[in-house]
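> Could you have a look at this structure, given as structure tokens, before my questions?
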Amino acid sequence: MRILVTGSSGLVGSHLIAALRAKGHDAIRLVRNAENVDPGEIYWDPEKGELDSAKLEGCNAVVHLAGENIAHKLWTTEQKRKIRNSRIESTKLFAKALSQLSSPPAVFVSASAIGYYGDRGAEEVREKSPIGIGFLASLCREWEEAARPAQQAGIRVVNLRFGIVLSPEGGVLKLMLVPFRLGLGGPLGSGQQYMSWISIFDAVEAIVFCITNDTIKGPVNIVSPSPVTNAEFTKVLATVLGKSASLAVPAGPLRMILKGLADELMLASTRVYPEKLLEADFKYQAPKLEPALRRLMAEFEKNKAGK
Ligand SMILES: NC(=O)c1ccc[n+]([C@@H]2O[C@H](COP(=O)([O-])OP(=O)(O)OC[C@H]3O[C@@H](n4cnc5c(N)ncnc54)[C@H](OP(=O)(O)O)[C@@H]3O)[C@@H](O)[C@H]2O)c1
């Protein structure tokens, strides 16, 4: 298949491109910097609304992962605008372009997040559960709605509601490894908040599953079937690293320093069940946290040694 990927330099995108190519697909990167476009790649500039539709003709699938990183900077008004616009406007740009093609792709797979559900305590949420409250919830609603023109044009649309994607190379796990390796890790706030996680290798396979399985459409929870509390996550990560992790970080200072980012990303509890993946018989390679972390760390160390 000829598969176009945005956000391909990111954590998920880089792994996805490698996996698609290893499976024999023609994975084509969309590149935002005109000076860095290699032969076989496609230039676009979501900020300026530039996308050459003719280059999209005849592709089989588009995977849209691009967006300003959610956790790298404080959520100032300007940063929230960037986070929002980089997702909503770029998704609208793609959905419109795809809907006008004479030879459109069969499927448009567009990122979203479990932030859709908001802070739900111990309640188990599924794809059909109602939306939550907060910046991330309304962002995800708009993000998913932005893909609608593609669906109205008869293209199968999948909204990937990613949980916390675990990889030592990026995202939350990379941030956690520094203090944990120094023995300075510990639960955040009460530690009772649920973390719905998925290993990078299962996340990538789930995306490929959504591309190739034509019964899958609409929102899909990209999480493992075994979410854990933050306290459990802390314990398991410390065990895998052979460190202690008893330095609890109280919620008060976290909120004072990181504000909304602390409330919605670190202290919010979202216990997500991957109903659609399980009903479609998706096979996880690492459905449990400890084996997943052990495999991720082992592969990371092996790759580092090989470099
Ligand atoms: N990783 C997670 O745990 C997680 C959880 C929930 C949701 N998600 C969502 O899934 C998607 C992929 O996640 P990821 O972890 O791979 O993200 P990431 O590592 O932050 O990568 C996102 C990519 O988007 C592009 N990008 C960055 N800033 C941009 C901007 N201002 N406008 C347009 N594009 C921009 C960049 O790729 P190029 O330079 O190649 O264009 C970047 O590498 C994101 O939309 C993210 O919000 C991820």
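> Just want the answer: with Cβ charges of +1 for Lys and Arg and -1 for Asp and Glu, which residue in Pro227, Leu182, Ile17 is farthest toward the dipole's positive end in the chain?
Leu182
> Dipole of the chain, Cα-centred, from +1 at each Lys and Arg C-beta and -1 at each Asp and Glu C-beta, to the nearest 20 debye?
Numbers: 38 positive and 32 negative charges, 102 e Å.
So the magnitude is around 480 debye.
> Here is a follow-up. Place a point 7 Å from Cα of Arg81 in the direction of its Cβ. Which residues in segment 14-51 have their backbone N less than 18 Å from it?
46-49
> Using helices alone, what [θ] at 222 nm do you get for the chain, with -39,500 (n - 2.57) per DSSP H run of 4 or more residues, divided over all residues and rounded to the nearest 500?
Helices in the chain give a 222 nm mean residue ellipticity of -12000 deg cm²/dmol.
> Given H placed on each backbone N at 1.01 Å, which residues far from Ser8 in sequence or on other chains put an amide H within less than 5 Å of it?
Counting only residues 5 or more places away or on other chains, the set is Leu30.
> Which whole-angstrom value gives the distance between the alpha carbon centres of segment 160-222 and segment 235-262?
17
> So, one more: In Å², and per residue, what accessible area does the chain have when probed at 1.4 Å with the other protein chains present?
In whole numbers, the chain has 46 Å² accessible per residue.
> Same structure again: List the trypsin sites (Lys or Arg not before Pro) in segment 1-50 that DSSP assigns to loop (not H, G, I, E or B) and whose Cβ has at most 13 other Cβ atoms within 10 Å. Which are they?
Counting only loop positions with at most 13 other Cβ atoms within 10 Å, the trypsin sites (Lys or Arg not before Pro) in segment 1-50 are Lys23, Lys48.
> Now for a separate question. Just to check I understand the Karplus step: with θ = phi - 60° and J = 6.51 cos²θ - 1.76 cosθ + 1.60, what whole-Hz values come out for segment 28-42, glycine and proline as x?
10, 7, 8, 10, 8, 9, 3, 6, 9, 7, 8, x, x, 9, 10
> For segment 73-159, state which GluC sites (Glu not before Pro) are in a DSSP loop and have at most 15 other beta carbons lying within 10 Å of their beta carbon.
Details: sites: Glu78, Glu89, Glu123, Glu124, Glu127, Glu142, Glu144, Glu145; in loops: Glu123, Glu127.
Loop-located and lightly packed - Glu123.
> Measuring from centroid to centroid over Cα atoms, what is the spacing of segment 27-54 and segment 125-151 in Å?
Computed from Cα coordinates, the inter-centre distance equals 27 Å.
> Ok, one more. Taking just the C-alpha trace of the chain, give me its Rg and Dmax in Å.
Computed over the Cα atoms of the chain, radius of gyration and Dmax are 19.1, 59 Å.
> Taking a 20 Å limit on the Cα-Cα distance, which of the listed pairs Lys80/Lys174; Lys217/Lys276; Lys174/Lys304; Lys82/Lys128; Lys174/Lys302 fall beyond it?
Lys80/Lys174; Lys82/Lys128
> Sticking with this one: Quick query: amide H of Gly218 versus all other amide H atoms, modeled in the peptide plane; which residues come in under 5 Å with a sequence gap of 5 or more or a different chain?
Val157, Val158, Asn159
> Relative to the longest principal axis of the chain, what angle (0 to 90°, nearest 10) does the C-alpha long axis of helix 171-181 take?
With rounding to tens, the tilt is 30 degrees.
> Sticking with this one: Carbon and sulfur: what percent of segment 2-306's accessible surface (1.4 Å probe)? Numbers along the way, then the final one.
On the way: 7410 of 13980 Å².
About 53 percent, which is the carbon plus sulfur part of the accessible surface.
> Given the options Val37, Val63, Val223, state which has the largest fluctuation in a GNM of the chain using a 10 Å cut-off (strictly under) for Cα springs.
Judging by the Gaussian network model, the answer is Val37.
> Could you work out the local net charge near Tyr273, counting Lys and Arg as +1, Asp and Glu as -1, over the other residues with Cβ closer than 12 Å to its Cβ?
Summing Lys/Arg as +1 and Asp/Glu as -1 gives +1.
> Taking amide H positions as placed 1.01 Å from N in the peptide plane, with prolines and chain starts having none, which residues 5 or more places from Tyr43, or on another chain, fall under 5 Å of its amide H?
Placed amide hydrogens put Val31 under 5 Å from Tyr43.
> Classify segment 168-307 as rounded, prolate or oblate from the Cα gyration tensor: take a ≥ b ≥ c as the square roots of its eigenvalues, call it rounded if a/c is under 1.5, otherwise prolate when a/b beats b/c and oblate if not.
Details: a/c = 2.17, a/b = 1.35, b/c = 1.60.
The shape class here is oblate.
The values are calculated or read from the model by the stated rules, or taken from the named source; none is laboratory data. Because the structure is predicted, anything quoted here is derived from the model rather than measured. We place every Cβ from the backbone using ideal geometry, glycine too, and count neighbours over all the protein chains shown. In case anyone asks, the SASA skips ligands and DNA or RNA and just uses the protein heavy atoms, side chains included. Shrake-Rupley method; radii C 1.70, N 1.55, O 1.52, S 1.80 Å.
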